[in-house]
1. Go through the residues of region 467-474 one by one and say whether even a single one is in contact with a helix residue (DSSP H, G or I) (Cβ under 9 Å, 6 or more places away or on another chain), closer than 30 Å to residue 323 by Cβ and either surrounded by fewer than 18 Cβ atoms within 10 Å (Cβ to Cβ) or not assigned by TED's automatic domain parsing to the domain that holds residue 267 (or both).
2. Looking at 113, 207, 186 in this structure, which one is at pLDDT 90 or above and farther than 30 Å from residue 251 by Cα?
3. For residue 151, are the conditions met, namely being in contact with a strand residue (DSSP E or B) (Cβ under 8 Å, 6 or more places away or on another chain) and in contact (Cβ under 8 Å) with a residue 60 or more places away in the chain?
4. crowded, with 19+ Cβ neighbours inside 10 Å, assigned to a helix (DSSP H, G or I), assigned by TED's automatic domain parsing to the domain that holds residue 275 and at pLDDT below 85, is that true of residue 419?
5. From the list 229, 185, 280, exactly one residue is farther than 30 Å from residue 453 by Cβ and in contact (Cβ under 8 Å) with a residue 24 or more places away in the chain. Which is it?
6. Modelled with pLDDT under 90, outside any helix (DSSP H, G or I) and not assigned by TED's automatic domain parsing to the domain that holds residue 259, is that true of residue 215?
């Protein structure tokens, strides 16, 4: 039985999942919230983006289950042992042996991707390559020559790579695409069968209804997204065990594996930093807008001074202080992964603590408006306390602003982490992240020939995550802010022509 390890960011992700589940339960029981989220569910772009986001979050959750593997028992000594020693060992066997665990902490994603994780080459190799990117001096038939050496893992099943590579890649790509399409078609058929039973119609009638889009949910958009993802996953699954699909980096690590490991860092930064901004912004924003006067002036001066400091310098100062503390107290961390995870957790908290000013301004303005409404004035007249008014009347009416800003800030924080890691004050260099990959690829772009695949992979994954979150956030903003909804304009029907009469005009 392995020893499970709960890192700070793991616990934060688990807590966010619990909070999200409770919110969904509350939304399903509240008619207004249920109707609002139905508006989001009718947006085709938002639902397609939601499918991509769900895949990213699933990868992050699988990568957040950490444990230390159980080491095998030590081998017994030589058979020729003296009788007293043998008696002592027999007595020792009566005591249960102490379990020994590995000093390396791995995740469930590492277990699923053991092959690509352990398939480490010597240095760079292009995507789907069988030979190394750079030449080396080798001995061939006793003669020293410079040539591209064969990779240790990429294409090792090929006996003649020059003649077999193209046909092998094409065959495996076709198999992967066919398998992905078959899985997608089977899943679609099961959905149609289920809907046919629910609607109590035939299979063809249910299929026709779903295909024509005569339901509130955008089935065609979501189905198309799932089909594309199934084809992509099938293609990668067919090629990855035999090739490095996106090549290798300078130290020979599989680039696609590093990109998948970086998803968790991006999700942790985006979600945890966003949630860290909410408490301070809510407290200071409501207090400033409700009490006004000197309270409002003090809070405004505070976040104005905070906003006037360059955020990169402020975050850099905090990160350097944290790094000094970690370096002076190495005994607090058993492994390098735990040390890097603590820095990641504190970086997310710092991003939240230093970025609450903009949300506080919005909440202050909304609170100033809500404080003048009739029901708030009536509550004051009836003697309701200030805390009761803020809890019952002010905060519930600010929920839509909080949700909109939180969803919109996620994308910005993911990009912000990449910028901080690029300048060297982001996550720990041993932690996988898109910023670390981009920082490592900046020198590769100046080489001739250019090593482009590391930057392209990190850029592609990061754009997919940020773009999908932006599209989903746009639908959430329109749903929770009625003034931003784009209602369709129906064309006016032309008046019917009057019936022709027999009389002449």
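1. No, region 467-474 contains no residue that is in contact with a helix residue (DSSP H, G or I) (Cβ under 9 Å, 6 or more places away or on another chain), closer than 30 Å to residue 323 by Cβ and either surrounded by fewer than 18 Cβ atoms within 10 Å (Cβ to Cβ) or not assigned by TED's automatic domain parsing to the domain that holds residue 267 (or both).
2. One residue alone meets the criteria, 186.
3. In short, yes.
4. no
5. It is 280.
6. yes
Conditions tested, residue by residue: (1) modelled with pLDDT of 85 or more; (2) touching a helix residue (DSSP H, G or I) at 6+ places or on another chain (Cβ under 7 Å).
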position: 343; (1), (2): yes, yes
position: 348; (1), (2): yes, yes
position: 354; (1), (2): no, yes
position: 359; (1), (2): yes, yes
position: 366; (1), (2): yes, yes
position: 374; (1), (2): yes, no
position: 381; (1), (2): yes, no
position: 392; (1), (2): yes, no
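For (1) under 30 Å from residue 430 (Cβ atoms); (2) outside any helix (DSSP H, G or I), each residue gets a yes or a no:
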position: 109; (1), (2): yes, no
position: 120; (1), (2): yes, yes
position: 128; (1), (2): yes, yes
position: 133; (1), (2): yes, yes
position: 146; (1), (2): no, yes
position: 162; (1), (2): no, no
position: 167; (1), (2): no, no
position: 183; (1), (2): no, no
position: 197; (1), (2): no, no
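The values are calculated or read from the model by the stated rules, or taken from the named source; none is laboratory data. Small disclaimer: the values here were computed from a predicted structure and weren't measured. Positions of Cβ are backbone-derived with ideal geometry, glycine not excepted, and every protein chain shown enters the neighbour counts.
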